[in-house]
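Taken together, the values in this text are just the output of simple stated rules run on the coordinates, not laboratory data. The shown structure was predicted, so the numbers you read here are calculated from the model rather than taken from an experiment. Glycine also receives a Cβ, built like all others from the backbone with ideal geometry; neighbour counts cover every protein chain displayed.
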Amino acid sequence: MTARKRFSGPALVDALRERTGYVFNDLERLERALTHSSARRRSGADYERLEFLGDRVLGLVVADLLFHAFPGAPEGELALRLNALVSGEACAEVAEEIGLADFIRAESGLKSASGRKGRSTRADVMEALIAAIYLDGGLDAVRPFILRYWEPRSRKAQGAERDAKTALQEWAHQAAGTTPAYQLDGREGPDHEPLFTVSVRVGDLAPARGSGRAKREAEQAAAAAMLVREGVWEKTEPAQ
């Protein structure tokens, strides 16, 4: 396999200008935004603090976008759209669209991995990159980049896909006047790749179960299973 080109200095700034439309002034912060903790010993810093900020900046810009794009939508619908658009899955998709893996500094194989861990890394770096643009040029600098990639997604039908736990909670309140109760039934597998099993109850209904590599993923699967079983969702309804 051909080794990936290592971008640094002005070449890094130029390459990312083509992908983001923004010219970075603070090269050190940009490099930090692209550095995973596995490569921290060489650089002295990683993207985790920037990821925290970028998540909030992305949420603000997308929330503002949705507020004006869907003036008749109730708060619940806006929240569902927001959750879908700022999810790790959406961030990873944008990262892949702009080829962000070419710039990530991480242990061999992590930045290009096709599994959950690789996609999670690319999503995290995307949020860190958003923070780096924001800190470098302010909200007016980062908004065009976010709108460029997230606004088209906001208009797609899948942008309003319902989060299974949220959908179940809304249905449970309307149908049974209660809140879903989740219970961890089991955890198996090695620490680096666990499998969780969760059950959910709504009132007197029989519990529904789901599994996933993370507890939240298992809860989503259980919620989706109940929604399908009770006829609230079709079997093809996405569950995230």
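Full-extension gain between Glu18 and Ala79, please, as 0.36 nm times their residue separation minus the C-alpha to C-alpha distance.
On the way: separation 61, 0.36 × 61 = 21.96 nm, distance 3.19 nm.
Difference between extended and current length: 18.8 nm.
Run the simple label-point estimate for Ala45 and Ala206 please: 7 Å along Cα→C-beta, distance reported in nm.
5.7 nm
Once you have the Cα-Cα distance between Phe67 and Glu28, take 0.36 nm times their residue separation minus that, and quote the gain in nm to one decimal.
Values: separation 39, 0.36 × 39 = 14.04 nm, distance 3.48 nm.
Length difference between fully extended and current span is 10.6 nm.
So what's Rg/Rh here for segment 14-100, counting alpha carbon atoms and using the Kirkwood radius for Rh? Please report the intermediate quantities before stating the final value.
Working: Rg = 15.7 Å, Rh = 14.9 Å.
Expressed as Rg/Rh, it is 1.05.
Report the extension gain between Arg153 and Thr178 in nm, rounded to one decimal, defined as 0.36 nm multiplied by the number of residues separating them, less their alpha carbon distance.
Working: separation 25, 0.36 × 25 = 9.00 nm, distance 3.35 nm.
In short, 5.7 nm is gained.
Quick one: Cα convex hull volume of segment 175-215, Å³ per residue? Don't jump to the answer; show the numbers that get you there.
Numbers: hull volume 2.5 nm³, N = 41.
Dividing the Cα hull volume of segment 175-215 by its residue count gives 61 Å³.
Compute the signed sum of charges (Lys and Arg +1, Asp and Glu -1) over the other residues within less than 12 Å, Cβ to Cβ, of Ala131. Walk me through the intermediate numbers first.
Numbers: positive: Arg29, Arg32, Arg49, Arg56; negative: Asp26, Glu48, Glu51, Asp55, Asp124, Glu127, Asp136.
Neighbour charge sum, excluding Ala131 itself: -3.
Computed over the Cα atoms, what is the radius of gyration of segment 128-219 divided by 2.2 N^0.38 Å, N being its residue count?
Details: Rg = 19.3 Å, N = 92, 2.2 N^0.38 = 12.3 Å.
That works out to 1.58 for segment 128-219.
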